[in-house]
Each structure stands twice: as C-alpha cells, then as structure tokens.
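Read the structure below first, then the notes.
The values are calculated or read from the model by the stated rules, or taken from the named source; none is laboratory data. Quick caveat: nothing in here was measured; it's all calculated off a predicted structure. Note that each Cβ is placed from the backbone with ideal geometry, even for glycine, and that neighbours are counted across all protein chains shown. Just the protein is used for accessible areas: all its heavy atoms, side chains included, with ligands, DNA and RNA removed. Shrake-Rupley method; radii C 1.70, N 1.55, O 1.52, S 1.80 Å.
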Amino acid sequence: MSDPSVRAFYDSLAPDYHQIFADWDASMARQAEVFGALVREGVGPGSQRVLDCSCGIGTQAIGLALAGHRVVGSDLSPVSAARAAQEAAARGALLPTAAADMRRLPFAPGAFDVVVCADNSVAHLLTAPDVKASLAGMRRVVRDGGLLVLTVRDYDEIRRTRPRAAPVQVSETSAGRVITVQLWHWHEDGERYDQEYVQLAAGEGDDWTVRVRRTTSWALTRSQLTEFVSAAGFVDIRWHDPAADAFYQPVLTARATR
C-alpha cells in the first residue's frame with residue numbers, strides 16, 4: 001500500500017463517494033440487512049461491538065449502528081472517517097470514528113465481537129506482508145470466537161477475463177446526473193491493476209464536470225485470501241456468493257480461534 005496515494009484517493013473521493021449509488025440510504029439499509037444476518041449467525045443476536053476498519057463514508061457502519069450495534073469506524077482517509085461520523089449523526093446514529101491504517105489498528109486486544117472490512121478495501125494492500133499485517137491486526141482486536149466479515153470483488157473471474165473497465169454506474173442527484181466509469185490498467189504480473197476512477201457530473205446546459213482519481217489494487221483470489229485469513233488465526237472460513245446472500249461482492253466470514 002502506498003499510504004499517501006491511497007489516502008489522497010479517498011480523501012478526494014469522500015465528498016462524492018455516495019454518488020456511485022443510485023440511492024445511498026437504500027443501499028445502506030440493504031447492506032445492513034445482509035451484514036446483520038451474518039453477525040447474528042456468527043456471534044448471536046443482540047447488540048454487538050463492531051469495528052468497521054475500512055468504514056469509508058459509513059456505508060456499512062451507519063446501517064449497522066442504526067440496527068442497534070455498537071459500531072466504531074476507522075479508515076485510512078481522515079476525510080472519509082469524519083464524513084462517516086457526520087452522516088451517522090444526521091441520521092440519529094452514534095458512530096465514533098478514527099483515522100487509522102488497517103495494518104496498525106489503534107484498539108485494545110479483544111475489544112470487538114465483530115470486525116468488518118468491506119468494499120474491496122483489502123485489495124489496496126499490494127504486498128503479502130501488508131495483507132498479513134492487516135489481518136493480524138484484525139485478529140488482535142476481535143475477541144476469541146469473534147467474527148471477521150470481509151468483502152472483495154470477484155477476482156477469480158476478473159483475473160480470468162482481465163477486463164479493462166468496470167460496469168458504468170449512473171446516479172441521479174439533486175444537482176443532476178453523475179456517471180462513474182472505472183478504467184483498469186493491468187500490471188504485467190496479471191494480479192495488480194491501476195484504476196482510473198472517472199466521474200462525470202452534469203452541470204448547466206450541456207456542461208459536464210470531469211473528475212479523475214487514480215489508485216492501485218491487488219486482485220486477490222479466494223484461495224489467496226483464504227490462505228492469508230487462515231494464517232492470521234481464523235477458522236471456519238466460508239465464502240458467500242452474491243447471488244445467494246444479496247450482497248454485490250463475494251463475502252468471506254471467519255471465526256477467530258479460541
């Protein structure tokens with residue numbers, strides 16, 4: 001992970017991130033249902049202590065907090081983390097947040113029942129030592145028997161086809177239409193790729209504003225990520241397919257060893 005470049009990418013994207021969703025609040029509610037069911041299955045009913053260690057602007061964390069869980073959010077981007085807390089408060093939820101690198105989580109051992117790392121965040125870790133450090137930190141802060149919930153793109157299929165772009169996303173905002181396009185430039189190793197994240201925002205008349213942001217990701221396959229998660233001290237590792245669990249990415253769940 002190149003800290004300055006990834007942090008700058010998400011600091012810049014934070015004010016506009018909700019625009020990739022057709023309806024951000026509806027998406028938060030849907031995702032809270034999916035993650036809430038996984039939490040109940042993994043650690044039982046009731047209010048759980050949840051860390052979202054890649055909270056972004058709060059897409060998963062806010063929904064879980066509104067559902068009654070005691071959620072803390074952290075993110076490499078201080079701008080994103082601050083917005084998450086503000087958006088939660090605007091919806092009547094309490095969401096303490098911190099700017100923190102997931103490789104160096106600043107929380108006490110066993111402080112949480114559940115750790116969430118969603119929205120392909122782990123793919124920004126570009127080396128095996130970085131992935132190992134982040135998962136070791138997640139294992140440290142989740143209690144014995146606690147739950148890890150991690151989501152990534154379907155990289156098994158993506159690595160097979162090596163697409164040059166992601167599907168176009170279109171949303172309608174109060175200011176007009178926003179079109180999001182991701183262009184992917186694959187490295188020679190066939191595993192990592194540079195992203196050009198292009199947003200076109202409609203202005204007055206025929207005018208459009210174009211914003212371009214860039215970052216790099218590691219397309220970790222299920223077998224690669226399973227091996228990393230197991231080595232970090234998690235067991236009962238399961239993959240949940242999007243079609244079966246109504247989430248838009250494959251979801252990995254695992255239980256911290258006792």
* Taking the residues in the stretch 189-203 that are of a type in the set (D, E) and outside any strand (DSSP E or B) as candidates, determine which candidate is farthest from T127 (Cα to Cα). => D189
* Please work out which one of (1) within 13 Å of the chain's Cα centre (by Cα); (2) over 23 Å from T216 (Cβ atoms); (3) in a helix (DSSP H, G or I) is the condition G58 fails and give its number. => (3)
* Asked: Within the stretch 217-234, is even one residue part of a strand (DSSP E or B) and either open to solvent by 30 Å² or more (accessible area, probe 1.4 Å) or among the acidic types (D, E) (or both)?
  -> no
* Asked: Within the stretch 61-102, can you find the residues that are among the hydroxyl-bearing types (S, T, Y) and either assigned to a helix (DSSP H, G or I) or under 21 Å from A22 (Cα atoms) (or both)?
  -> S80
* **Candidates L94, L64, filtered to the one that is among the hydrophobic types (A, V, I, L, M, F, W, C), in contact with a helix residue (DSSP H, G or I) (Cβ under 9 Å, 6 or more places away or on another chain) and open to solvent by less than 60 Å² (accessible area, probe 1.4 Å)** => L64
* Structure fact -> Here the residues within the stretch 169-186 that are open to solvent by 60 Å² or more (accessible area, probe 1.4 Å), within 22 Å of V122 (Cβ to Cβ) and over 20 Å from the mean Cα position of the chain (by Cα) are H185
* Inter-residue pairs, beta-carbon under 8 Å, first within 17 Å of G63 (Cβ to Cβ) and in the stretch 39-50, second part of a helix (DSSP H, G or I), 6+ apart -> V39/L64; Q48/V39; V50/V39; V50/A61; V50/L64
* Looking at T59, is it open to solvent by 30 Å² or more (accessible area, probe 1.4 Å), in contact (Cβ under 8 Å) with a residue 40 or more places away in the chain and of a type in the set (V, I, T)? -> no
* To do: Look at the stretch 137-162 and say how many of its residues are open to solvent by 40 Å² or more (accessible area, probe 1.4 Å) and not in a loop (DSSP other than H, G, I, E, B).
  => 8
* Structure fact -> A careful count of residues in the stretch 29-56 that are modelled with pLDDT of 95 or more and either touching a Lys or Arg at 6+ places or on another chain (Cβ under 9 Å) or open to solvent by less than 40 Å² (accessible area, probe 1.4 Å) (or both) gives 18
* Asked: Taking V198, is it open to solvent by 30 Å² or more (accessible area, probe 1.4 Å), closer than 29 Å to A100 by Cα and of a type in the set (V, I, T)?
  -> no
